[in-house]
Amino acid sequence: MNAATETEIILLPPQDTALQVYTTANGLDPFIAHIRAQIDEFNSNVPDLSTAKNRQLYASMAHKVAKAKNALDAVGKELSAEAKKKPKVIDAERKRCWDLLESWQAEVRKPLDDWQAAEDARIDQHQAGLDHLRNTNTEGASAAMIKALIQDLAEVTIGDDWQEFEADAHRAKAASLATLNEALAAQERREAEAAELEALRKQKAERDAQDERDRIAREAADAARQEAERTAQAQRDAAAQRERDLEQHAAQLQREAQEAQQRAEQAERNRIAAEQQAEQDRIAAEQRQVEAVERANQQERQRQADEKARAEAAAKAREADTAHKTAVLTAIKESFMLAGITEAQARAVINMIRREEVPRVSITY
């Protein structure tokens, strides 16, 4: 151990008086005061934390205090090992010196730590904003809900308050809008297809119901015809039996036969009327089916006309947007040319801005 050594801001007690210094209450005060003087001199001209070089000065000064703390503690540890008779006094002074210098170390480093914490919070806030802009989850969303998401995102204003993240925010917003618009188009197609399938399902249900009504009508007509045939056959059988068994009552049988014939004729008329009614029901059902098909065709023609109108409106909107952007770019170019640069140079500058090669400069359409 040197008699007197100064390493950076460290001033150690001479070897011949070191034991007296460490065994005297507050004996290290002159050396601690030397370190405090260096800290106060550093604090009297506080470096600006805005540059990495100056922030390193804070870390360097805190490191010097730490080295001084360790050096003085090392001397005390050596003396403690050499002078076991007074370990408690030496250790108490060591602890007091350690704690004091450690608090000064924290004091010197605090502005740097505070700046770093604020910087981390600022970056985290911008990152959270970018995560919000990049959120394009539309799972289970309807077309109306996706439109609302697009409108909310379009209304987000990106300006100087985004600082160095402004370009990232513009790109994230543009990418999310493109993704949401694609999702909207896909969802609108799905909903249109679902509506069309529902219409076809209803048409099929109507056809099935009509087929069921036609079947019931046919079965009713067949039953009426069979009943008439059974009645006529029964009447003929009864007449024959009566003719065999009651020949003596020919006149009565003749009257009964006439009555039976009348009933048979009436049954036949009933059968014919039932068949005619069934035919009328079938024709009416076919007419309703034709009308349903015509309505479906008319709806399809209307849907195609609406789709064509939407496509034409979208094309006009794109043309108008292109014309507007061309007018904006032409106005910018002419402004540059009025400033004295050539048309080719003006075009080159505009293209650099559009490719985001000019920091903090963008074109608003």
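Readers should treat all values here as calculations from the given coordinates under stated rules, not as data from a laboratory. Every value quoted in this text rests on a predicted model; they were computed, and no experiment measured them. When we count neighbours, we look across all protein chains shown, and the Cβ atoms used for this are built from the backbone with ideal geometry, even at glycine.
Data table
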item: The chain: angle of helix 52-82 to the longest principal axis, Cα-based, in degrees nearest 10; result: 60 degrees
item: Separation of the Ala117 and Lys88 label points, Cα + 7 Å toward Cβ, nm; result: 3.9 nm
item: Within the chain: Cβ-based charge dipole about Cα centre, in debye rounded to nearest 20 (Lys, Arg +1; Asp, Glu -1); result: 1040 debye
item: Rounded to 10°, Cα long-axis angle of helix 343-354 versus longest principal axis of the chain; result: 90 degrees
item: Protection proxy ranking of 167-179, 131-143 - average other beta-carbon atoms within 10 Å, highest first; result: 167-179, 131-143
item: Degrees separating the helix 250-338 axis from the principal Cα axis of the chain, which is the longest one; result: 30 degrees
item: Total formal charge among the other residues, if their Cβ is under 10 angstrom from that of Tyr58, Lys/Arg +1 and Asp/Glu -1; result: +2
item: Label zone at Ala141, where the point sits 7 Å out along the Cα-to-Cβ direction: segment 149-169 residues whose backbone N lies under 17 Å; result: 149-157
item: C-alpha center-to-center spacing [segment 152-181, segment 238-307] in angstrom; result: 76 Å
item: Gain in span if fully extended, Arg310 to Asn70, counting 0.36 nm per residue against the direct Cα distance; result: 78.5 nm
item: Solution diffusion estimate, µm²/s, Stokes-Einstein, segment 319-365, Kirkwood Rh from C-alpha pairs, 10 °C, viscosity 1.306 mPa s; result: 144 µm²/s
item: P(r), alpha carbons of the chain - 20 Å bins starting at zero, rounded %; result: 15, 20, 17, 17, 12, 9, 6, 3, 0
item: Spin-label pair Trp98/Arg282, simplified geometry with 7 Å Cα→Cβ offset, distance in nm; result: 11.1 nm
item: Stretchable slack from Glu356 to Glu188, in nm (0.36 nm times residue separation minus alpha-carbon distance); result: 57.1 nm
item: Relative contact order (%) - criterion: Cα under 8 Å, at least six apart; region: the chain; result: 10 percent
item: Among Ala18, Tyr58, Pro47 the positive-end extreme of the charge dipole of segment 6-125 (Cβ point charges); result: Ala18
item: Gain upon complete extension [Lys204, Val328; 0.36 nm per residue less C-alpha separation]; result: 39.1 nm
item: Estimated distance in nm for a label pair at Glu259 and Gln298, the labels positioned 7 Å out from Cα along Cα-to-Cβ; result: 5.8 nm
item: Ranked by how many other beta carbons lie within 10 Å on average, peptides 91-97, 309-315 from highest; result: 91-97, 309-315
item: Greater than 29 Å apart at Cα, pairs in Lys53/Lys77; Lys173/Lys325; Lys147/Lys316; Lys88/Lys110; Lys147/Lys308; result: Lys53/Lys77; Lys88/Lys110
